[in-house]
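Inspection log for the structure reproduced underneath, given as structure tokens.
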Amino acid sequence: MTNSPASIFNSARLLWRYLPVVLAVGLVAYAIIVGGYLVTVVGFALIYAIFVTGLNIFMGYAGQASFGQNAFAAIGGYTSAVLTATYGWPPIPALILGVCGSVACAVVIGFPTLRLKGHYLAMATLAIGLIVYEVTVQWQSVTQGYTGISGIPPLGIGSWEAASDRAQLLLLS
């Protein structure tokens, strides 16, 4: 059986298409096996990949410039962190309420902001990000300022908890 040039070209194109996915899965698996500092680096890379996916949708598909997505990540993160560390909520309900709070703030801020176009939209989203940053730093009685919130319990369901770095990396991937 001979391979035609077209089938060889299609196989090579398929290989190049899925090679980044295979490499990413291999890197995550290697980090889980080896552990240590690489787990932290890959974990941060996966978290940033989530942020970049949202930015890609807004900037890549909608063609709008946004600098304020960090504000909504901070709102959701601080909401769940305060609920778990200060008020003793279980992590999953706090996470759900944090996402709902972030979405509610995005809707309230988004309706008037998305009427803007071009540079005005970019400046408004930059201002939103800077305002939320200043609030999180200055509101020390809630957010603990620059030191951040400590004592956040690990994410888990039932008796299983993602307490180790490797378990958190598995959860992220």
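The values are calculated or read from the model by the stated rules, or taken from the named source; none is laboratory data. All of these numbers come straight from a predicted model, not from anything done at the bench. We place every Cβ from the backbone using ideal geometry, glycine too, and count neighbours over all the protein chains shown. Ligands, DNA and RNA are stripped out before the accessible areas are found, and what is left, the full protein with its side chains, is counted by its heavy atoms. Shrake-Rupley method; radii C 1.70, N 1.55, O 1.52, S 1.80 Å.
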*Where in segment 128-173 are there chymotrypsin sites (Phe, Trp or Tyr not before Pro) that are in a DSSP coil and have at most 15 other Cβ atoms within 10 angstrom of their Cβ?*
TRP139
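What does the C-alpha gyration tensor say about the overall shape of segment 51-173? Classify as rounded when a/c is under 1.5, otherwise prolate if a/b is larger than b/c, or oblate.
Numbers: a/c = 2.38, a/b = 1.63, b/c = 1.46.
Since a/c reaches 1.5 and a/b is larger than b/c, the shape of segment 51-173 is classed as prolate.
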*Given H placed 1.01 Å from N in the peptide plane, which residues other than close sequence neighbours of LEU155 have an amide H under 5 Å from its amide H?*
ALA162
*Heavy-atom surface of segment 107-173, accessible at 1.4 Å and reported per residue (Å²)*: 73
*Please determine, in degrees from 0 to 90 and to the nearest 10, the orientation of helix 69-85 with respect to the longest principal axis defined by the Cα atoms of the chain, where the helix direction is its Cα long axis.*
70
*Set the Förster distance to 45 Å, then compute FRET efficiency between LEU170 and GLN64 from the Cβ-Cβ distance, nearest 0.05.*
0.85
*GLN138 versus LEU97, label points 7 Å from Cα toward the beta carbon: distance in nm?*
2.6
*Approximate spin-label separation TYR146-TYR37, in nm, with each point projected 7 Å along Cα-to-Cβ*: 2.5
*Carbon/sulfur fraction of accessible area - segment 1-128, other protein chains in place, 1.4 Å, %*: 76
_Longest segment of the chain lacking trypsin sites (Lys or Arg not before Pro) that sit in a DSSP loop with at most 15 other Cβ atoms within 10 Å_ = 1-114
